[in-house]
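The values are calculated or read from the model by the stated rules, or taken from the named source; none is laboratory data. Just so we're clear, the structure is a prediction, and the values are computed from it rather than from any experiment. Cβ: placed from backbone, ideal geometry, glycine included. Neighbour counts: every protein chain shown.
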Amino acid sequence: MRPDRPAWRTRLLPLLAGLVALNLLVLLAWTLPRGYRLRNATARADAARVEVAAQRRIVQGLRDRDAAVRANGEDLARFYERLAGPARTELLPTLQEVERMARLPGLHPGGRAFAHEAIAGTDVERVSVTLPLEGSYPQLVGFLREVERSPRFLTVDRVAMRRGGEGTELQVVLSMYVRGGRAEGERRGDGAR
């Protein structure tokens with residue numbers, strides 16, 4: 001011991017150093033786990049935010065798909081209600097309307113050919129009409145305009161045009177859709193074709 005230091009300082013200094021070290025150990029023991037838990041909680045919160053954003057995108061996609069399915073269902077109901085009438089009542093008047101539209105601008109229709117095709121999974125049948133026409137180019141354009149304006153649901157599937165001797169020859173393939181055509185007769189088993 002040194003004579004210039006008091007004895008209490010010599011005894012208390014190690015005790016004070018021990019208390020400071022103990023205080024630092026308690027502080028570290030208290031703050032390190034809390035800091036670790038806080039970092040863990042922050043990382044989990046960030047991961048949860050990313051997951052919530054991903055789930056929101058999935059939910060929005062499902063809502064969009066639901067809206068599309070509903071709109072498709074409404075379109076299908078409207079198609080069945082307004083556009084694809086029963087074959088018994090719609091087929092002959094539609095064919096007569098096509099003939100009338102072909103003669104309207106002064107065209108000369110030739111012999112037409114028909115093809116029936118059942119649409120899988122539905123009660124709808126596609127009836128294709130191949131119609132050869134002869135006339136001038138403006139008459140052919142007039143016919144296509146008439147088809148476009150028709151209140152009946154007709155689609156122009158194919159158009160083939162070539163110059164003939166007296167005018168232009170056009171071969172048009174139109175389609176119409178009807179319910180309960182040949183497929184209905186086949187299901188009943190009566191052999192109606």
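Only one of the numbered conditions (1) in contact with a strand residue (DSSP E or B) (Cβ under 9 Å, 6 or more places away or on another chain); (2) assigned to a helix (DSSP H, G or I) is violated by Phe114, and that is (2). Ala84 falls short on exactly one of the conditions (1) modelled with pLDDT under 85; (2) of a type outside the set (Val, Ile, Thr); (3) surrounded by fewer than 18 Cβ atoms within 10 Å (Cβ to Cβ); (4) closer than 17 Å to Tyr177 by Cβ, and that condition is (3).
Does Thr122 satisfy the criteria of being farther than 22 Å from Leu170 by Cα and among the β-branched types (Val, Ile, Thr)? Yes: the conditions hold for Thr122.
Taking the criterion of being assigned to a helix (DSSP H, G or I), acidic (Asp, Glu) and touching a residue at least 12 places away in the same chain (Cβ under 8 Å), the only residue of the range 130-154 that qualifies is Glu146.
Listed conditions (1) within 30 Å of Arg179 (Cβ to Cβ); (2) modelled with pLDDT of 80 or more; (3) surrounded by fewer than 10 Cβ atoms within 10 Å (Cβ to Cβ) are all met by Leu15, apart from (1).
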